[in-house]
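Report on the following structure.
The values are calculated or read from the model by the stated rules, or taken from the named source; none is laboratory data. Treat the numbers as computed from the prediction; the structure is a model and nothing was measured. Backbone-built Cβ (ideal geometry, glycine too); neighbour counts: all protein chains shown.
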């Protein structure tokens with residue numbers, strides 16, 4: 001990790017955290033985060049734009065915030081599954097290989113398998129090779145009939161947890 005490692009939230013079951021990376025850890029397909037002393041009957045899928053290098057050993061500030069938020073405010077979920085519109089680990093959105101076929105299959109399978117989703121990708125706008133609006137439109141039919149939520153900032157877009165304004169706010173159905 002380039003920055004100082006951020007530990008996972010204390011109530012994360014560290015022995016069962018699972019991260020799947022491909023292409024030499026340049027692309028993360030998923031990050032599965034189970035909570036201690038919770039039934040794994042329900043999983044909240046959190047969908048961001050593109051992943052950090054958070055994995056089994058360490059989180060990042062956003063992942064840790066979400067772990068704590070879900071554990072403390074949404075106790076009916078026993079785990080969260082971090083997914084992303086694109087798979088490339090790319091903080092500055094400068095690389096060209098933004099997706100990977102295996103990551104796309106994993107994402108689509110997770111959307112079909114699960115029912116509850118929290119969108120946290122902020123305003124959807126193009127950045128470099130990332131075509132976020134088009135990607136979201138491609139996936140939109142898969143979310144039909146699903147429970148889709150976002151942080152409530154009275155905005156049309158799903159805010160990213162890094163926004164200071166979401167502290168203390170609830171999620172709302174998008």
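This table checks each residue for (1) modelled with pLDDT of 95 or more; (2) surrounded by 16 or more Cβ atoms within 10 Å (Cβ to Cβ).
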{"site": "3", "(1), (2)": "no, no"}
{"site": "7", "(1), (2)": "yes, no"}
{"site": "13", "(1), (2)": "yes, yes"}
{"site": "24", "(1), (2)": "no, no"}
{"site": "52", "(1), (2)": "no, yes"}
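Residues of region 53-86 being outside any loop (DSSP other than H, G, I, E, B) and touching a residue at least 60 places away in the same chain (Cβ under 8 Å), which ones?
61, 62, 65, 66, 69, 71, 73 - these are the residues of region 53-86 that are outside any loop (DSSP other than H, G, I, E, B) and touching a residue at least 60 places away in the same chain (Cβ under 8 Å).
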Original post:
Among strands (runs of 3 or more DSSP E) lying entirely in region 98-174, which contain 2 or more residues that are within 17 Å of residue 49 (Cα to Cα) and at pLDDT 90 or above?
Top reply: 116-119
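Given the structure, is residue 40 at negative phi and modelled with pLDDT of 95 or more?
Details: at negative phi: yes; modelled with pLDDT of 95 or more: no.
Taking the combined requirement at face value, the residue does not satisfy it.
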Subject >> Enumeration of residues in region 107-126 that are surrounded by fewer than 16 Cβ atoms within 10 Å (Cβ to Cβ) and under 14 Å from residue 86 (Cβ atoms) >> reply: 108, 125, 126
